[in-house]
Amino acid sequence: MKMSSISMLVFAAYLICLGVSLVFIPNTVITLFGFPPTTEVWIRILGYILAALAFYFSMAVREKYENFYRWTVYARLPLLPTFAAFVFAGISPPILLLFGTFDSGCAVWTWYALKKEEHAY
């Protein structure tokens, strides 16, 4: 399996774990990261959306749809600067930077793997 595909599957696994956790035990997850507990449904909706995104990522790997891999890189790279802006604006706890670092780091991994694979041919 190509390294870019592995990077996508790792990110899909992360999304499914986070998504399912937010659907079934949202307050356990969000309080661990410094957010206040909630009884609103929005956090569970977000969990479902993350799980659905995990499905898209895994299906792209199954179908070897490398264009999708590239698209995700463009969408995931700006996450860290966006989350940093939220933290510096005082509207989010600093732990959000951990999520942004992981997400953007996975995007860099996918980008690097795609570049390396492109030059291998």
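Here are a few things to note about the model shown:
- Pick from segment 109-121, criterion surrounded by 13 or more Cβ atoms within 10 Å (Cβ to Cβ) and not aromatic (Phe, Trp, Tyr), ranking: nearest to Tyr56 (Cα to Cα): Thr110
- Residue match in segment 68-89 (condition: among the small types (Gly, Ala, Ser) and in contact (Cβ under 8 Å) with a residue 60 or more places away in the chain): no
- Criterion violated by His119 - all others in (1) without any contact (Cβ under 8 Å) to a residue 12 or more places away in the chain; (2) within 17 Å of the chain's Cα centre (by Cα) satisfied: (2)
- Selected residue (only one of Thr31, Thr38, Thr110 is β-branched (Val, Ile, Thr), out of contact with any Leu (no Cβ under 9 Å at 6 or more places or on another chain) and closer than 25 Å to Met3 by Cα): Thr110
- Checklist (1) within 23 Å of Tyr56 (Cα to Cα); (2) in contact (Cβ under 8 Å) with a residue 60 or more places away in the chain applied to Pro93, failing item: (1)
- When Arg70 is tested against (1) closer than 18 Å to Met8 by Cβ; (2) within 13 Å of the chain's Cα centre (by Cα), just one condition goes unmet, and that condition is (2).
FYI, it's all coordinate maths here, none of it is from the lab. Because the structure is predicted, anything quoted here is derived from the model rather than measured. Here Cβ is always computed from backbone atoms with ideal geometry, including for glycine, and neighbour counts include all displayed protein chains.
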